[in-house]
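The values are calculated or read from the model by the stated rules, or taken from the named source; none is laboratory data. Just so we're clear, the structure is a prediction, and the values are computed from it rather than from any experiment. Cβ atoms come from the backbone with ideal geometry, glycine included; neighbour counts cover every protein chain shown.
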Amino acid sequence: MAKIALLIGVSDYQSGFNSLPGTQTDIREMQRVLQHPQMGGFDEVDLLPNPDKSGMELAIEKLLADRQRDDLVLLYFSGHGFKDDDGSLYFVTRTTEQRSPHQIYQSTAVPASVLQNWMSRSPCKRQVLVLDCCFSGAFAEGMKAKSINQPVEIAAFGGEGRAVLTSSTATQVSFEQQEAAV
């Protein structure tokens, strides 16, 4: 059983989105925790800072496709999330283009539906997804989801399944606090 993580942080944008410098600190701190033998104990932790759409999609697809059933995969995304008029969530990349302040060219961002598809098709049956972006709760819409308002027993993740942790609901924005990490 391998424990593999991909940590994506998008802080710089080419088209109208506010920069989020804290995302780079977030992924470095997550890497430190996951690689620590007494905390995460992960075998492999890859950082992907400021990817474009194709780079992000390829890294995520490789993370999920090239696994064994009993592997544990963790994907962390820190950056801007965008929700369109239909309620679909998109992950904004360095090269995502805005049509207007409230619209993007969807072909320039990574749709959450693509990630959901890769997760469903992955041979790996132990998946953890952490989304630190606006509207991240929209990821679970259309999937079987359960919200809890109580402490989580970490040992429960020893079996199979998928855990999705979000920084906001489907209608909330997340915010970056200056000089704070993760």
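Of note:
- Within the range 7-28, tally of residues that are β-branched (Val, Ile, Thr) and either loosely packed, with under 15 Cβ neighbours inside 10 Å or not in a helix (DSSP H, G or I) (or both): 2
- Listed conditions (1) at pLDDT 95 or above; (2) in contact with a Pro (Cβ under 8 Å, 6 or more places away or on another chain) are all met by PHE42, apart from (2).
- Subset of the range 29-45 [loosely packed, with under 15 Cβ neighbours inside 10 Å and part of a strand (DSSP E or B)]: GLU44
- Here the condition is being among the aliphatic types (A, V, I, L, M) and over 12 Å from the mean Cα position of the chain (by Cα); of LEU58, LEU7, it holds for LEU58 alone.
- Matching residues in the range 49-70 - criterion: being buried (at least 20 other Cβ atoms within 10 Å of the Cβ) and more than 13 Å from LEU115 (Cα to Cα): PRO51
- VAL45 vs. criteria aliphatic (A, V, I, L, M), touching a residue at least 12 places away in the same chain (Cβ under 8 Å) and touching a His at 6+ places or on another chain (Cβ under 8 Å): no
- The residue that is farthest from HIS102 (Cα to Cα), among those in the range 6-26 that are of a type in the set (Ser, Thr, Tyr) and in contact with a Gly (Cβ under 9 Å, 6 or more places away or on another chain), is THR25.
- Residue satisfying all of: in the range 85-118; in contact with a Phe, Trp or Tyr (Cβ under 8 Å, 6 or more places away or on another chain) and assigned to a helix (DSSP H, G or I); surrounded by the fewest Cβ atoms within 10 Å (Cβ to Cβ) among these: GLN106
- When the range 46-67 is filtered for residues that are more than 22 Å from GLU29 (Cβ to Cβ) and assigned to a loop (DSSP other than H, G, I, E, B), the ones remaining, listed by number, are ASP52, ASP66, ARG67.
- Test result for GLY79, within 17 Å of LEU131 (Cβ to Cβ) and either touching a helix residue (DSSP H, G or I) at 6+ places or on another chain (Cβ under 9 Å) or not aliphatic (A, V, I, L, M) (or both): yes
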